[in-house]
């Protein structure tokens, strides 16, 4: 019995020691990244203190609007969603086809509108910006997704020269798809460390994460075994003393 107990104790000690060496660094990263992310207010991460994504004028009641049937008839394919809204002072209709494509129409005439240009994208971004005065902006076309932006492409990136290095991504139909700030980038960096996806920062089912999660579980089990094996000895020593 003692021999079995001793072998179990030695095996658990070795396993616990080596796992602590291998898993310990990642455990530190898990705890520290989780702490940092919990301390960052989510509204600041999303940039809500700088950009009002939902800022939009109400549709004027006096305006004349084309019928939804006319918009559907002019669409390239079956329409599964239709939305009226204001865009730079004019009523528009945004449709989504069965394939997921977005199309923009003049709300009064039903004429299909071209994708917004760089000047319009800048006006939309600055119109939603809450800071004053509005900073200088640089507009760039985005044709591929990246770690910072994984939304619909092509789109426009409006880079603002403010203290937070704000980047506002505007779709071709004039909606704000994403807001990226220095706080968001800090959060995203620690999120990538937390889920062990160092390139895309979005896959929390990576082999690395699974392996270290199993290693952490084994570390806890080994520690529990050691605690169980050592606890009675301490009680016995106290009793003998």
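Values as computed for the structure displayed
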| read-out | value |
| --- | --- |
| Residue 221 paired with residue 38, simple spin-label distance in nm, labels 7 Å along Cα-to-beta-carbon | 2.7 |
| Difference of contour (0.36 nm per residue) and Cα-Cα distance, residue 97 to residue 185 | 28.3 nm |
| 17 Å reach of a label modelled at residue 88, 7 Å along Cα-to-Cβ, counting backbone N of the stretch 116-132 | 116-129 |
| The chain: calculated mean residue ellipticity at 222 nm from DSSP helix runs of at least 4, using -39500 (n - 2.57) | -15000 deg cm²/dmol |
| The chain: relative contact order in percent, alpha carbon pairs under 8 Å with at least 6 residues between | 21 |
| Projected area, mean over directions - the chain, Cα convex hull, nm² | 21.5 |
| The stretch 41-170 - Kirkwood radius from inverse mean 1/r over Cα pairs (Å) | 16.3 |
| Highest-first arrangement of 155-165, 189-199, where packing means the average Cβ count within 10 Å | 155-165, 189-199 |
| Per-pair calculated FRET efficiency, R0 = 35 Å: residue 140 and residue 64 via Cβ, rounded to 0.05 | 0.40 |
| Nearest-ten-degree value, helix 2-39 long axis tilted from longest Cα axis of the chain | 30 |
| Rounded to 10°, Cα long-axis angle of helix 118-128 versus longest principal axis of the chain | 70 |
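No lab work stands behind these numbers, since they all come straight from the coordinates. What you see is a predicted model; the values in this text were computed from it and never measured. Cβ coordinates were reconstructed from backbone atoms using ideal geometry, including for glycine residues, and neighbour counts include every protein chain displayed.
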